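In what follows, a single structure is set out as structure tokens and then discussed.
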Amino acid sequence: MTPRTRLCGTLLALLAHGQPAGSAPPPAEPGGGPLTVCLAEANPPFSASSLPDGGIDAELARAVARQLGREVRLQWVTIPNRGGLGKALAQNLAGGACALFAGIPESGGPNEELAEKRLAASTPYLETGYVLVGARTQIRKLDDARRLGRIGVVTATPADLYLFQQHLHRVPYGNNGALLAALADGSVDAAALWQPALAEARRLGQASASDGLALPEAGRTRFVFALRRSDPALLADVNAAVDSLHSDGRLAAILSAHGLAP
């Protein structure tokens, strides 16, 4: 099994638990009532109750609600170790605790698992991926990386597969935190980092602000709101709100404030 296959399998496994068979969906929220939005409790820079503004998804939820002329209510959700994001979706969307669940990843196209679980996906509001960052020098093209001896990467990710295909000298790490630490102390000459992890590290002062080389060939992930398929009116409203936030620059401002380009 290739690293890319394993990653796709991991993303699909996040949605393994859906609405129980035969259960009736909860009623849709009234159009003018509060808009309840579920957010992962500790997933910076996307969402975290410890952040002053709650993160990207919290800011976006407020902006969408304002665009719709509705009050917003944020529901912080602890993602369980067993069942993961899929269980959280089932408990909170199918259970009626919220109308939207922010920060749902899509990789390689529309998420068929959402449809199978009677859930729909909004228009994507963010697409992100990997970036190659040098420890001491800026990397502007792949040839710059070829002259380096040690390039750190989180194992079994699309970035790991891409570096392998490019015949670069990879040094594997188990997670982004360990990789960032290796980049900071010079254990590696460069690192292929997940852009949101790098943005959060920069916010915390754990990484420099130097730019890196985007690696679109390593794969891109889009993020959407998930909601009940039984509420097409809300889906249309949310899609229109995201489109409006994108067209007038408000979405770009939110993302840029958190170190991510739109």
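Just so it is clear, none of the values below were taken in a lab; they were calculated from the coordinates. Fair warning: this is a prediction, and the values are worked out from it, not measured in the lab. Glycine gets a Cβ as well: all are built from the backbone with ideal geometry, and neighbour counts include every protein chain shown.
Between Arg147 and Ser244, the contour length at 0.36 nm per residue exceeds the alpha carbon distance by 30.5 nm. Okay, which of the stretch 174-217 sit inside 12 Å, backbone N to the point 7 Å along the Cα-Cβ direction of Ala261? So the set is 211-216.
Ranked from largest, the principal axis spans of the Cα set of the chain equal 59, 39, 29 Å. Approximating the spin labels as points 7 Å out from Cα along Cα→Cβ, the Ala214-to-Ala97 distance works out to 3.6 nm.
Rounded to the nearest 20 debye, the dipole size of the chain about its Cα centre is 400 debye, using +1 on the Cβ of Lys and Arg and -1 on the Cβ of Asp and Glu. Seen against the Cα atoms of the chain and their longest principal axis, helix 176-185 is set at about 30 degrees. Summing +1 for each Lys or Arg and -1 for each Asp or Glu among the other residues whose beta-carbon sits under 15 angstrom from that of Ala191 gives -2.
For the stretch 130-218, how big is Rg over Rh, using alpha carbon atoms and the Kirkwood form of Rh?
Numbers: Rg = 11.3 Å, Rh = 12.5 Å.
My calculation puts Rg/Rh at 0.91.
Among Leu213, Tyr130, Tyr162, whose Cα lies farthest out toward the positive end of the dipole of the stretch 130-218, if unit charges sit on the beta carbon of Lys, Arg (+1) and Asp, Glu (-1)? So the residue we want is Leu213.
Of the beta bridges DSSP finds with both residues in the chain, what % are antiparallel, to the nearest 5? The partial results should precede the final answer.
Values: 21 of 36 bridges.
Bridges in the chain are about 60 percent antiparallel.
Would you please give the FRET efficiency between Gln206 and Ala253, computed as 1/(1 + (r/R0)^6) with r the Cβ-Cβ distance and R0 = 22 Å, to the nearest 0.05? List each step's numbers first, then the result.
On the way: r = 24 Å, r/R0 = 1.09.
According to the calculation, E is roughly 0.35.
Other residues within the sphere of radius under 13 Å centred on the Cβ of Ala182, judged by their own Cβ, net out at 0 (K and R +1, D and E -1).
DSSP finds beta bridges in the stretch 130-218, and of those with both partners inside it, around 50 percent are antiparallel. Given +1 at the Cβ of Lys and Arg, -1 at the Cβ of Asp and Glu and no other charges, the dipole of the stretch 76-144 around its Cα centre is 260 debye to the nearest 20.
Backbone amide hydrogens, once placed in the peptide plane, bring Val154 within less than 5 Å of Tyr173, excluding anything fewer than 5 places away on its chain.
Where nothing but the Cβ of Lys and Arg (+1) and of Asp and Glu (-1) is charged, how large is the charge dipole of the stretch 130-218 around its Cα centre, in debye to the nearest 20? Spell out each step's value before the answer.
Numbers: 9 positive and 8 negative charges, 31 e Å.
It comes to approximately 140 debye.
Other residues lying with their Cβ under 15 Å from the Cβ of Leu51 contribute a combined charge of -2, Lys and Arg counting +1, Asp and Glu -1.
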